[in-house]
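Data block below; observations after.
Values in this text are rule-based calculations from the coordinates and carry no lab data. The structure presented is a predicted model; accordingly, all values stated were derived computationally and were not measured. Counting neighbours? That spans all protein chains shown, and the Cβs are built from the backbone with ideal geometry, glycine included.
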Amino acid sequence: MSRQPLTASQRIPAIAKPFVSERAAKTLDIVEKFVYEECIPADPIYAQQTGRTIEERFSAHPQVMEDLKVKARKLGLFNMFLPKNHFTEGAGFSNLEYGLMAECLGKSTTASEATNCAAPDTGNMEVFAKYGTQEQKDKWLKPLLAGEIRSAFLMTEPQVASSDARNIELSMTQDGDYWVLNGQKWWSSGTGDPRCQVYITMGKSDPHNPDPYFQQSVILVAADTPGITIHRMLSVFGYDDAPHGHGHVSFDNVRVHKSNMVLGPGRGFEIIQGRLGPGRIHHAMRSIGAAEKGLEYMIARINDPRKKPFGKQLSEHGVMLDRLARLRIEIDAARLVVLDAAMKIDNSDAKGAKKEIAQAKIFVPEVLLKTLDWAIQAHGGGGVCQDTPLPSMYAHGRTMAIVDGPSEVHALQLGRNENKRAQECRDKLAAQSAKTEQLLKEYGLEKVDRLQLNRKSESRSRL
Ligand SMILES: Cc1cc2nc3c(=O)[nH]c(=O)nc-3n(C[C@H](O)[C@H](O)[C@H](O)COP(=O)(O)OP(=O)(O)OC[C@H]3O[C@@H](n4cnc5c(N)ncnc54)[C@H](O)[C@@H]3O)c2cc1C
């Protein structure tokens, strides 16, 4: 029954294959082997080396991660995420090629960081590479690319609806050569890690600007600047995500030199929009891998020979095969949606691929959660406990519909754009109808009801 599995490069969807270089296809197989043979077996070691107490967990620097990084570097697997047509600093792959690799990385909790392709550093490095001055790049981008430090992106605030970035209100006032920052941030991912040295921070520098899209700025704040306090680490359904973590941070008269401003005052929106494009896609790409992993667990469980409810292997119960079939279709469809968005970014940029990015951002978490839910269900009680990674994957998968803009916000934008075709659709249907009228005349025909409802009502009246 068992068959030789195809390698990652052999599984590239036919529609994407012509756009994947030979070098990328080879690297993809190396990534997959590295994830399967090195990272997934090391995931529990990483969890154990992170420690137990809060103090241990948020000061941990698991040795196994550094060992994996050394192996990844030797294999040439570092910084694959920086796309070649926009940046010179990366490993020279396109978004499409990285998308296929990120799917493999998404199957392990250690693989993304081991290859220096972990969020939020990936999006943050893109900010430095795209918008940073040489001085900012030397100070922050170089050690980030080398995997020596980590970074955080501080936008969301506890007191406002942050999915609308116009609401962000951390105050930024100028005092000589310095900007003075006051306010609060939360869900500041990465701030728990002692290696996190820079916070890319969004605040309001020009609250009275009549255009709300020019009120915000983005500034680089060294994590050890006086006045910064991390009050607590937030959990995701009880998971603390240590040592990385998600901080609730306050700024109390934090003084930052004006040379740390990115692009210039008032250009915050430009930066966050540029940052979130590829970043959103990276999450979606990894989520496809997580869905595949969930499916693997489900297949393994429904074929466990020890578990035969009502006298049959679970895989002999039709509903399970039906679910496998549906998940196979949806995961494959979701992959195409993600790769399409990646190709669109490759051919233009994140702005040009807004529609495709939104589609991926909405659709992929739905498919991931459905897959994990059915995989958990197939495991019975075992599915919700610590014996498989499924509950943790579900908890983190659930956040995908919230982070980087909730699904509703993307759907609203997509719906609005689609609705812009209103006149076009109405005109097209009216023109087709008019042409039918003209053809009816030409062929000497009367217009008839195609469903013949008239005849039906006649026969009824005869009864
Ligand atoms: C695990 C995790 C990691 C995160 N990491 C970071 C990080 O590193 N940096 C950072 O800055 N932030 C981060 N966030 C925060 C995340 O980006 C925000 O939570 C998200 O943007 C939503 O903002 P909000 O929480 O303020 O919710 P709100 O803006 O108050 O929205 C609440 C809900 O309202 C609904 N809603 C919003 N707008 C609309 C609409 N137009 N139509 C219909 N319904 C709508 C949605 O259901 C939404 O979930 C993280 C969040 C999580 C859970």
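Normalising by the residue count of the range 270-405, find the relative contact order in percent from Cα pairs under 8 Å and 6+ residues apart.
Computed value for the range 270-405: 33 percent relative contact order.
With a 10 Å Cβ neighbour count serving as the proxy for reagent exposure, in which order, fewest first, do ASP121, ASP175 appear?
Least crowded to most crowded, the residues run ASP175, ASP121.
Once you keep just the Cα pairs under 8 angstrom separated by 6 or more residues, what percentage relative contact order results for the range 13-118?
33 percent
So, in nm, how far is label ASN417 from label GLU22 when the simple model puts each one 7 Å beyond its Cα toward the Cβ?
3.7 nm
Can you run phi through the Karplus equation (6.51, -1.76, 1.60; θ = phi - 60°) for the range 186-195 and list ³J(HN,Hα) in whole Hz, with x for Gly and Pro?
Per residue, the Karplus-derived 3J(HN,Hα) values read 9, 6, 8, 5, x, 6, x, 7, x, 7 Hz.
Using packing as a proxy for protection, rank 44-55, 338-349, 68-79 so that the peptide with the highest average count of other Cβ atoms within 10 Å comes first.
The most tightly packed comes first, giving 338-349, 68-79, 44-55.
Counting each DSSP H run of 4 or more residues in the chain as -39500 (n - 2.57), what helix-only mean residue ellipticity at 222 nm follows after dividing by all residues, to the nearest 500 deg cm²/dmol?
When only DSSP H runs of four or more count, the value is -15000 deg cm²/dmol.
Before anything else, pin down the relative contact order of the chain: Cα pairs under 8 Å, at least 6 apart, normalised by residue count, whole percent.
12 percent
I want the antiparallel fraction of DSSP beta bridges within the chain, as a percent rounded to 5.
80 percent
Which order do the peptides 223-229, 89-95 take when ranked by the mean count of other beta-carbon atoms within 10 Å per residue, highest first?
My ranking of the peptides, most packed first, is 89-95, 223-229.
Could you calculate the contour length gain from GLN386 to GLU316, that is, 0.36 nm times the residue separation minus the distance between their Cα atoms, to one decimal place in nm?
22.5 nm
So how tilted is helix 354-378 from the main axis of the chain? Cα-based, degrees 0 to 90, rounded to 10.
Rounded to the nearest ten degrees, it is 90.
Please enumerate, by chain and number, the lysines with C-alpha under 26 Å from the C-alpha of LYS435, excluding those fewer than 8 residues away in the same chain.
LYS420, LYS447
Compute the long axis of helix 268-302 from its Cα atoms, compare it with the longest principal axis of the Cα atoms of the chain, and write down the angle in degrees, 0 to 90, nearest 10.
Here the helix axis deviates by roughly 70 degrees.
Ranking TRP179, TRP186 by Cβ neighbours within 10 Å, fewest first, what do you get?
Ranking TRP179, TRP186 by Cβ neighbours within 10 Å, fewest first, gives TRP186, TRP179.
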